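I have placed the structure first, in the form of structure tokens, so that the comments after it can refer back to it.
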Amino acid sequence: MEQAIEQATGVEGLLQKRPLIISGPCSAETEEQVVQTATRLAATGKVDILRAGIWKPRTRPGSFEGIGTKGLPWLQQAKKASGLPVAVEVATGKQVEDALHFDVDVLWIGARTTVNPFSVQEVADALKGVDVPVLIKNPINPDLELWIGAVERVAKAGIRNIGLIHRGFSSYGNTEYRNAPMWHLAIEMKRRNPDMLLINDPSHICGRRDILMDVAQKAIDLDFDGLIIESHIDPDNAWSDAKQQITPEKLGEMISSIIWRKEDI
Ligand code: PEP
Ligand code: MN
């Protein structure tokens, strides 16, 4: 796969490439892990942006809740070593300030934050006067209005470069997917925001490695603009979301074996 559009620079350019591929660990764990993941991802030549969770909104207490601000300099190192811009999840105003202070290039709002207008507003307020791209995940429940509301709050704060991440919707009990894709909701969101980037997050939809490729391919067949997929240098021993992560090299193979749209090749 060759780059459809030359990698542009600057805030406008960061989300412009098609397909846009974001990858990296669910959570930043150690400096070595972050830097190694970044350089191995960059070596595949298939990845545009490095992702890493610094503050982790875990469903229940007691599990790893993120390395916190001390991980942000690791991302600076990873960026220097790999040349990849970096993306981090933010859920509070303070996290926005800290991330920007450490040169994070792209911010994203997680599914557990999109459900809460107070939190989204707090993040939006911290973004006023800042020119940074923001990706907004769908809320964990299948409520399109909440997703749209979050987009509106961020847009009203003056953010021009907004993208959407479809990560599926939670339901009770054991199901095939960790989060049901409910593709029609993502398609409807794109219909209402035709000019906005829409990328798919197979990792959080699947919750497991074996069906990642099928979901990623389906998203591309449905005309999504790109993918965000978790990767880790030692997936089985990841501190969060171990079952769904893949090595950087597997990620590279997966991106290579996806059948892309003609205009992307
Ligand atoms: C994540 O991206 O690691 C994450 C916590 O995702 P979500 O907000 O989709 O659950
Ligand atoms: Mn995760």
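Could you grab me the full set of residues in segment 228-242 that are of a type outside the set (Val, Ile, Thr) and away from ligand 1 (no atom under 13 Å from the Cβ)?
Keep residues of segment 228-242 that are of a type outside the set (Val, Ile, Thr), which gives 230-232, 234-242.
Scanning segment 228-242 gives ASP234, PRO235, ASP236, ASN237.
Name the residues in segment 178-227 that are among the acidic types (Asp, Glu) and more than 16 Å from ILE22 (Cβ to Cβ), would you? I'd like the intermediate steps shown before the answer.
Looking only at segment 178-227, we keep the residues that are among the acidic types (Asp, Glu), and these are 188, 195, 201, 210, 214, 221, 223, 225.
Selection gives GLU188, ASP195, ASP210, ASP214, ASP221, ASP223.
For the subset of segment 210-252 comprising residues that are without any contact (Cβ under 8 Å) to a residue 40 or more places away in the chain and under 17 Å from the mean Cα position of the chain (by Cα), which member is surrounded by the fewest Cβ atoms within 10 Å (Cβ to Cβ)?
Only one residue fits best here, namely ALA242.
Looking only at residues that are over 21 Å from GLY53 (Cα atoms) and not in a loop (DSSP other than H, G, I, E, B) in segment 12-23, which one is modelled with the highest pLDDT? Please lay out each step first, then the result.
Taking segment 12-23 and keeping what is over 21 Å from GLY53 (Cα atoms), we get 12-13, 16-19.
Remaining after also requiring not in a loop (DSSP other than H, G, I, E, B): 12-13.
Numbers: GLU12: 68, GLY13: 85.
Applying the filter and picking the extreme gives GLY13.
Given the criterion over 14 Å from the mean Cα position of the chain (by Cα) and either hydrophobic (A, V, I, L, M, F, W, C) or crowded, with 17+ Cβ neighbours inside 10 Å (or both), identify the matching residue among ALA111, ALA186, ALA87. Walk me through it before giving the result.
Values: ALA111 fails: over 14 Å from the mean Cα position of the chain (by Cα); ALA87 fails: over 14 Å from the mean Cα position of the chain (by Cα).
The conditions single out ALA186.
Considering (1) away from ligand 1 (no atom under 16 Å from the Cβ); (2) part of a loop (DSSP other than H, G, I, E, B), say which one GLU145 fails and leave the rest.
It is condition (2) that GLU145 fails.
For segment 70-82, give me the residue count where each residue is under 19 Å from GLN95 (Cβ atoms) and in contact (Cβ under 8 Å) with a residue 24 or more places away in the chain. Talk me through it step by step, then tell me what you get.
We begin by selecting, within segment 70-82, every residue under 19 Å from GLN95 (Cβ atoms); these are 70-76, 78-79.
With in contact (Cβ under 8 Å) with a residue 24 or more places away in the chain added as a condition, the list becomes 71-76, 78-79.
The number of residues fulfilling the criteria is 8.
Could you please find all residues in segment 24-69 being aromatic (Phe, Trp, Tyr) and either free of Cβ contacts under 8 Å to residues at least 60 places away in the same chain or closer than 16 Å to ARG112 by Cα (or both)? Walk me through it before giving the result.
So in segment 24-69, the residues aromatic (Phe, Trp, Tyr) come out as 55, 64.
Result: TRP55, single match.
Can you name every residue in segment 114-162 that is within 16 Å of ligand 2 (Cβ to nearest atom) and out of contact with any helix residue (DSSP H, G or I) (no Cβ under 8 Å at 6 or more places or on another chain)?
LEU135 - this is the single residue of segment 114-162 that is within 16 Å of ligand 2 (Cβ to nearest atom) and out of contact with any helix residue (DSSP H, G or I) (no Cβ under 8 Å at 6 or more places or on another chain).
Would you be able to tell me the number of residues in segment 47-65 that are buried (at least 20 other Cβ atoms within 10 Å of the Cβ), more than 14 Å from LEU251 (Cα to Cα) and out of contact with any helix residue (DSSP H, G or I) (no Cβ under 7 Å at 6 or more places or on another chain)?
2
Can you pull out the helices (runs of 4 or more DSSP H) entirely within segment 187-265 that have at least 3 residues that are under 26 Å from ILE162 (Cβ atoms) and modelled with pLDDT of 95 or more? Working first, answer last.
Numbers: elements: 202-206, 212-221, 248-257.
It comes to 202-206, 212-221.
What is the residue count in segment 156-170 for residues that are surrounded by fewer than 15 Cβ atoms within 10 Å (Cβ to Cβ) and either part of a loop (DSSP other than H, G, I, E, B) or within 19 Å of the chain's Cα centre (by Cα) (or both)?
Of all residues in segment 156-170, those surrounded by fewer than 15 Cβ atoms within 10 Å (Cβ to Cβ) come to 156, 158, 160.
Those still in the list that are either part of a loop (DSSP other than H, G, I, E, B) or within 19 Å of the chain's Cα centre (by Cα) (or both) too: 158, 160.
Going through segment 156-170 one residue at a time, the tally reaches 2.
Give segment 87-133 a look and list any residue that's of a type in the set (Gly, Ala, Ser), in contact with an Asp or Glu (Cβ under 7 Å, 6 or more places away or on another chain) and in a loop (DSSP other than H, G, I, E, B), or say none.
Matches in segment 87-133: GLY110 only.
Identify all residues within segment 201-237 that are in contact with a strand residue (DSSP E or B) (Cβ under 9 Å, 6 or more places away or on another chain) and within 13 Å of ILE255 (Cβ to Cβ); write none if there are none.
PRO202, LEU212, ALA216, ALA219, ILE220, GLY226, LEU227, ILE228, ILE229, SER231
Spot the failing condition for CYS206; the list is (1) within 12 Å of ligand 2 (Cβ to nearest atom); (2) in contact with a Gly (Cβ under 7 Å, 6 or more places away or on another chain), and only one is missed.
For CYS206, the exception is condition (2).
Results for (1) surrounded by fewer than 22 Cβ atoms within 10 Å (Cβ to Cβ); (2) closer than 24 Å to ARG153 by Cβ; (3) out of contact with any Gly (no Cβ under 7 Å at 6 or more places or on another chain); (4) basic (Lys, Arg), shown as yes or no for each residue.
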| residue | (1), (2), (3), (4) |
| --- | --- |
| GLY45 | yes, no, yes, no |
| PRO73 | yes, no, yes, no |
| LYS79 | yes, no, yes, yes |
| VAL96 | no, yes, yes, no |
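The values are calculated or read from the model by the stated rules, or taken from the named source; none is laboratory data. The shown structure was predicted, so the numbers you read here are calculated from the model rather than taken from an experiment. Methodologically, a virtual Cβ is constructed for each residue, glycine included, from the backbone with ideal geometry; neighbour enumeration extends over all protein chains shown.
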